[in-house]
1. So residue A:116 passes all but one of these: (1) without any contact (Cβ under 8 Å) to a residue 60 or more places away in the chain; (2) surrounded by fewer than 17 Cβ atoms within 10 Å (Cβ to Cβ). Which condition number does it fail?
2. Given A:63, A:77, A:82, A:40, which one is loosely packed, with under 13 Cβ neighbours inside 10 Å and in a helix (DSSP H, G or I)?
3. Condition test on residue A:121, is it under 20 Å from residue A:76 (Cβ atoms), crowded, with 18+ Cβ neighbours inside 10 Å and under 12 Å from the mean Cα position of the chain (by Cα)?
4. Anything in the range A:24-35 that is more than 15 Å from residue A:69 (Cβ to Cβ) and surrounded by fewer than 19 Cβ atoms within 10 Å (Cβ to Cβ)? List them, or say none.
5. Enumerate the helices (runs of 4 or more DSSP H) found wholly within the range A:90-193, keeping only those where 1 or more residues are within 21 Å of residue A:19 (Cα to Cα).
6. Among the residues that make up the range A:66-79, is at least one of them within 10 Å of DNA strand B (Cβ to nearest atom) and farther than 28 Å from residue A:184 by Cα?
DNA sequence: CACCAGGCAAGTA
DNA sequence: TACTTGCATGGT
């Protein structure tokens with residue numbers, strides 16, 4: 001799968017350059033939301049220097065919601081961002097590296113304890129911000145895997161994640177590119193209404 | 001006009 | 001446990 005997708009689309013360069021905190025914010029803002037909308041919200045925050053733990057900790061939930069409006073679900077996500085920085089300040093003195101120095105299971109548990117951070121957001125943060133190998137499962141992963149008859153349709157998040165992690169070396173660079181390629185492939189070939197013509201993964205005969 | 005986008009938590013039975 | 005629903009903007 002990886003090689004077929006990489007041959008077709010090339011490296012996806014996901015989350016290059018942005019600091020860990022901006023990645024964490026982006027991971028929450030992109031929940032069920034197009035990334036281009038997230039970029040608009042991030043740009044607005046960056047413009048007024050709000051992209052730091054301390055600034056988001058200080059700003060009001062209402063004001064923060066206005067800033068992130070383009071990302072959609074802004075009232076909900078404003079609270080989620082406040083929950084995130086609340087955890088960072090309360091448990092890590094606002095020092096993200098302190099969280100990222102823990103082992104994967106510990107930081108995953110901590111992230112999941114934040115209301116508004118579920119398994120995909122937690123794994124995205126660990127993979128793309130902490131750069132540790134926690135495989136990210138998303139809607140496209142479910143669809144691609146089930147439509148190619150590799151898993152049952154009602155497979156759980158953890159079951160699907162275990163399948164990938166038991167089959168691959170724990171390499172954060174590989175996990176990064178693999179997930180990004182699944183999203184890239186899904187955008188063209190695995191929408192809700194099946195439209196699988198010319199899917200790079202059609203060797204399983206599901207088109 | 002309908003549909004979609006890098007989910008999650010809370011409510012219902 | 002197993003569904004459903006609310007959350008919301010911006011692009012195609």
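Just so you know, all these numbers are worked out from the coordinates, no wet-lab data involved. Note that the structure is predicted; figures quoted are calculated from it, not measured. Cβ: placed from backbone, ideal geometry, glycine included. Neighbour counts: every protein chain shown.
1. Condition (1) is where residue A:116 drops out.
2. On the way: A:77 fails: loosely packed, with under 13 Cβ neighbours inside 10 Å; A:82 fails: loosely packed, with under 13 Cβ neighbours inside 10 Å; A:40 fails: loosely packed, with under 13 Cβ neighbours inside 10 Å.
Only one candidate qualifies: A:63.
3. Numbers: under 20 Å from residue A:76 (Cβ atoms): yes; crowded, with 18+ Cβ neighbours inside 10 Å: yes; under 12 Å from the mean Cα position of the chain (by Cα): yes.
It is true that residue A:121 is under 20 Å from residue A:76 (Cβ atoms), crowded, with 18+ Cβ neighbours inside 10 Å and under 12 Å from the mean Cα position of the chain (by Cα).
4. A:32, A:35
5. Values: elements: A:96-100, A:104-112, A:119-124, A:139-147, A:157-167, A:172-189.
Those helices (runs of 4 or more DSSP H) span A:96-100, A:104-112, A:119-124, A:172-189.
6. Just the residues of the range A:66-79 that are within 10 Å of DNA strand B (Cβ to nearest atom), to begin with: A:71-73, A:76-77, A:79.
Of the ones still in play, those that are also farther than 28 Å from residue A:184 by Cα are A:79.
Scanning the range A:66-79, I find at least one residue that is within 10 Å of DNA strand B (Cβ to nearest atom) and farther than 28 Å from residue A:184 by Cα, so the answer is yes.
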